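Structure first, commentary second.
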Amino acid sequence: MKDLKLVFKYLKGSHGYAILSLIFALLSVLAKMAIPYVAGLAIDHISKGQTDISLDLILIGAFIIGGMIFRYLFDLFTSYLGQKLVKNMRDQVFASFNRVSLRYIDNHYHGDLVLRLVNDIENVQTGLIVGAGALYEGIVQIAVTLVFMFMLNWILALTVIVLTPLSILVSKFVSSHNSKYYKEQNAKTGTLTAYSLESITNLETAKAYGFTATKETEFDQLNESLRVSNFKSTFAVGWINPSTRLVNNIIYAVITFLGAYLILHNPGLGIADFGVGALSALLSYAYQYMSPFNEISNVASEVSYALASFKRIDSLIETHDDVDAGTVSLNEPVKTLKADHIDFSYDGKRPIIKDMNVEIYQGHKIALVGPTGCGKTTIINLLLRFYDPQNGGFVVNGKNTREYPKSELRKHIGMVLQDTWLFNGSIKDNIAYGKPEASLEEIKAAAIKAHADDFIRQLPQGYDTIVSNSSGLSTGEKQLLCVARIMLIEPEVVILDEATSNIDLRTELLLSKSFDELMKGKTSLVVAHRLSTIKNADLILVLKDGAVIEQGNFSELMAQNGFFKELYDSQLS
């Protein structure tokens, strides 16, 4: 019941359609159930010598046509509800991807998250909407059938009710052992999807290292594990229908023999008019009374499978939003920036940043250097508040960045990463990603500054050429477009995380001049592996094991003859 309440919150605004759907299902069942009753009356009329049964036939025809119409309307409204549910849930799941913290995204397989957006939602539609509709229809059919059976013969109706728990117990016993198989199946499907996505994304690397055979073996093992899990769940489901049908056939046989006995011996008890036609109708009702239990048992397994998917979806939607308690507007430019006693750990165990204190002056170029894993990129994540430190924090214009709304803080910071990302759209729209209202002249000016204009003009449609992250552009060309984005928005704080690592030396020299022009009067943080590119930095922070062990300009650090000089000399050797 609790799970069904959760479902209804995603049908907000469609409750009227749900009620109409239930009403049409009721009318459809009533029309269908009335047919055996009228047919039984017609048989009794004939057995008593009444040859004119035209009224009975007209009623049967009316019930058939009415039942078809009501059934069509029930299916129509149920289908509408299913599509409405899918849209609402998919919208909320995708919105959740954008609301939750990066920590949540980083801690889950991306393939599994995509599975929730696609497969799990489809399971909810077929299982909870179509399945729940069939479940409701089955319950209504059972209730209506009981009414007609009591009208025909209360003894046989009570007999059916007394024997009903046998079918329910058998169905419940089998179904209760199935939920664990569905959970296992969902989990392994998510793992396989995540592995497939990872393998396809990194296919070039796997080929380059001759790792494809190993990847195929690993995929085969995961696929085999999923096959076993699928077989277990399918095998478990396969027991439901035969077991309930066996019990139902036994009940049907008991009713047949008992009904024949009552007709032959006529014991009274208020059933004197019980004849062959009534028995024929009652046997039809007995069969229709038991058949929903078979359908319900089948639907129950689908609903159980859908609920497992639904809980995975709802757990994502109900995940706490990214913490953003900022209330102070940041409407003025960033003038002062400093790191104030920052301590940070991703897992709460292994420290990444230890008591970092740095004063970053406006207009200065700050370089972050150090070995892999020393915390360079983490510092950028903390500045942009993708993560928040356990202690301390960055201070902008005299206030901790936690006091500013994240969206406002990030408007003042531009970032170019080592990894490029383009969405499926025109080059013009890709450059204007951070400033959609920009004019074509502004976009072209930014591309010229980034030295991307030359290659853009050589493309078939120029700035209207459709590109994507997997298009035919080179890595360097894609990086130039990403650089043009930051040229367009011109923030006060610029972050370059190995932004020129995938660009040839000639283009890098041109970009360096553009960056110098862009960063005039602006604060910039540059993550660099090639130490020769940061000789003109105002301040170089040398990181090791999460701590700033050396700082100064290039000449000062070289004169110290410490860790920085060791790193620099190692790159020259």
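The values are calculated or read from the model by the stated rules, or taken from the named source; none is laboratory data. This is a predicted model, so every value here is computed, not measured. Glycine gets a Cβ as well: all are built from the backbone with ideal geometry, and neighbour counts include every protein chain shown.
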Can you say whether Leu382 is touching a residue at least 60 places away in the same chain (Cβ under 8 Å) and within 31 Å of the chain's Cα centre (by Cα), as far as the supplied structure shows?
no
Restricting the search to the range 520-573, which residues are part of a loop (DSSP other than H, G, I, E, B) and within 28 Å of Gly414 (Cβ to Cβ)?
Lys520, Gly521, Lys522, Ala528, His529, Arg530, Lys535, Asn536, Ala537, Asp538, Gly546, Asn553
Criterion (small (Gly, Ala, Ser), in contact with a helix residue (DSSP H, G or I) (Cβ under 7 Å, 6 or more places away or on another chain) and either farther than 30 Å from Ala157 by Cβ or surrounded by 22 or more Cβ atoms within 10 Å (Cβ to Cβ) (or both)) met by exactly one of Ser345, Ser329, Ser280, Ser284:
Ser329
Odd one out for Asp355 among (1) buried (at least 18 other Cβ atoms within 10 Å of the Cβ); (2) closer than 18 Å to Ala339 by Cα; (3) at pLDDT 85 or above
(1)
From the options Leu316, Leu384, residue that is out of contact with any Asp or Glu (no Cβ under 8 Å at 6 or more places or on another chain), closer than 18 Å to Pro491 by Cα and surrounded by 13 or more Cβ atoms within 10 Å (Cβ to Cβ):
Leu384
Residues Val483, Val467: which one is over 23 Å from Asp516 (Cβ atoms) and surrounded by 15 or more Cβ atoms within 10 Å (Cβ to Cβ)?
Val467
Residues that are modelled with pLDDT under 85 and within 19 Å of Lys411 (Cα to Cα), drawn from the range 434-480
Gly434
Index of the failed condition, Gly373 passing every other in (1) touching a strand residue (DSSP E or B) at 6+ places or on another chain (Cβ under 6 Å); (2) at pLDDT below 85; (3) not hydroxyl-bearing (Ser, Thr, Tyr)
(1)
Which of the residues spanning the range 50-89 are charged (D, E, K, R), over 30 Å from Phe310 (Cβ atoms) and in a helix (DSSP H, G or I)?
Asp56
Per-region count, the range 24-61, residues loosely packed, with under 14 Cβ neighbours inside 10 Å and at pLDDT 85 or above:
2
For the range 401-410, does any single residue satisfy the condition of being among the aliphatic types (A, V, I, L, M) and out of contact with any Lys or Arg (no Cβ under 9 Å at 6 or more places or on another chain)?
no
Hey, Glu403 farther than 27 Å from Ala547 by Cβ, out of contact with any Phe, Trp or Tyr (no Cβ under 9 Å at 6 or more places or on another chain), among the acidic types (Asp, Glu) and surrounded by fewer than 19 Cβ atoms within 10 Å (Cβ to Cβ) or not:
no
